[in-house]
1. What number of residues within region 27-50 are surrounded by 15 or more Cβ atoms within 10 Å (Cβ to Cβ) and either away from the ligand (no atom under 15 Å from the Cβ) or assigned by TED's automatic domain parsing to the domain that holds GLY218 (or both)?
2. Considering only region 205-218, state which residues are more than 10 Å from the ligand (Cβ to nearest atom) and either in a strand (DSSP E or B) or surrounded by fewer than 14 Cβ atoms within 10 Å (Cβ to Cβ) (or both).
3. May I ask you to list the residues in region 80-110 that are touching a helix residue (DSSP H, G or I) at 6+ places or on another chain (Cβ under 7 Å) and β-branched (Val, Ile, Thr)?
4. For region 98-121, how many residues are open to solvent by less than 40 Å² (accessible area, probe 1.4 Å) and among the acidic types (Asp, Glu)?
5. Can you find a residue in region 6-18 that is open to solvent by 30 Å² or more (accessible area, probe 1.4 Å), acidic (Asp, Glu), closer than 26 Å to ASN186 by Cα and at pLDDT 95 or above?
6. Cβ contacts < 6 Å: first residue free of Cβ contacts under 8 Å to residues at least 24 places away in the same chain, restricted to region 46-59; second residue surrounded by 20 or more Cβ atoms within 10 Å (Cβ to Cβ), any location; separation 6+ or different chain. Result?
7. Read through the list (1) at pLDDT 95 or above; (2) of a type outside the set (Phe, Trp, Tyr); (3) open to solvent by 30 Å² or more (accessible area, probe 1.4 Å), then give the number of the only condition that VAL84 fails.
Amino acid sequence: MTDKPRIVVSTGAGISAESGIKTFRDADGLWENYPVMDVASADGFARNPALVHQFYNERRAALGKAMPNKAHLLLKELEDRFDVFVITQNVDDLHERAGSSNILHLHGELTKVRALDDDSLTFKLGYNEATTPETVIDGHRVRPHIVFFQEAVPMFEPAVELAATADIFVIIGTSLVVYPAAALLNYVKAGTPIYYIDPAPSRVPAGVTVIRKPATEGMEELARLLLEKYPEKD
Ligand code: OAD
């Protein structure tokens, strides 16, 4: 434990937009030209697993070419003055590559697949490694380590516990329409300041301070504001 104020950050696709990774709902429910429900739902995976493998193979390869942006990097820099915990809906690894110390992935990770017959068994893949429904790793057939629509979100409980410990809660680049992730802010203690960085929020919950800017600019503004509001103790 430290006596630093604790910032819990909930990030969505918008924080990675300026790294060149497309969001979901800014393009009419298409994700990289695929209907979201074909490539991100349990039904879609049951119907056409080869397509789903291929889709995440492509996303993984694209991720290898992307770089964290200033918003990811500023979250890391804030660790000098704050305890920062990131809860991300993103399946990219840009928070990891920016160096953030505490990252919880709510919706899985592109750089991993897991055994079809054992959810606890994950395997790390290189950006250019590809899988198919026939791929066998250590004797197991595998699937993308992604939480599909229609599936439970096993990391939600730990995320809720974390949200409840926030002194400051920050939301960046999520449309707040996908549950249960969108409900996280309901578990923040009453009176906790909540900031929401998004250039086009689709809804603004009561009591939330909106910074209507892209993540990089919005994070610069928020970092300045927080460093002023919580000056370093001598
Ligand atoms: P969405 O695509 O629903 O929302 C992206 C949000 O980012 C929108 O509110 C945009 O206004 C905002 N945005 C766009 N450009 C931005 C920028 N430069 N800076 C900051 N914000 C920007 O994405 P999510 O809310 O993350 O789940 O979607 C939630 C989940 O739906 C995803 O995790 C995914 C998807 O189905 C799974 O894959 C399991």
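The values are calculated or read from the model by the stated rules, or taken from the named source; none is laboratory data. If you're wondering where the values come from, they're calculated on a predicted model, not measured in any experiment. Note that we place each Cβ from the backbone using ideal geometry, even for glycine, and neighbour counts take in every protein chain shown. Accessible surface is based on the protein model in full, side chains and every heavy atom, while ligands, DNA and RNA are left aside. Shrake-Rupley method; radii C 1.70, N 1.55, O 1.52, S 1.80 Å.
1. Final tally of qualifying residues: 2.
2. If we filter region 205-218 for residues that are more than 10 Å from the ligand (Cβ to nearest atom), which is where we start, we get 205-210.
Listed by number, the residues that qualify are ALA206, GLY207, THR209, VAL210.
3. Selection gives VAL84, VAL86, ILE87, THR88, ILE103.
4. Restricting attention to region 98-121, the residues satisfying the condition of being open to solvent by less than 40 Å² (accessible area, probe 1.4 Å) are 98-100, 104-111, 113-115.
Checking the rest, the ones that are also among the acidic types (Asp, Glu) come to 109.
Count: 1.
5. So the first thing to find is which residues in region 6-18 are open to solvent by 30 Å² or more (accessible area, probe 1.4 Å), and the list is 6, 17-18.
After this cut, where a residue has to be acidic (Asp, Glu) as well, the list is 18.
In the following step, the residues that additionally are closer than 26 Å to ASN186 by Cα were identified as none.
No, region 6-18 contains no residue that is open to solvent by 30 Å² or more (accessible area, probe 1.4 Å), acidic (Asp, Glu), closer than 26 Å to ASN186 by Cα and at pLDDT 95 or above.
6. PHE55/VAL39
7. That leaves (3) as the condition not met.
Residue-by-condition table, conditions (1) modelled with pLDDT of 95 or more; (2) in the same structural domain as SER41 (by TED's automatic domain parsing); (3) surrounded by 22 or more Cβ atoms within 10 Å (Cβ to Cβ):
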| residue | (1), (2), (3) |
| --- | --- |
| GLU79 | yes, no, no |
| VAL91 | yes, no, yes |
| GLU96 | yes, no, no |
| PHE123 | yes, yes, no |
| GLY126 | yes, yes, no |
| HIS140 | yes, yes, no |
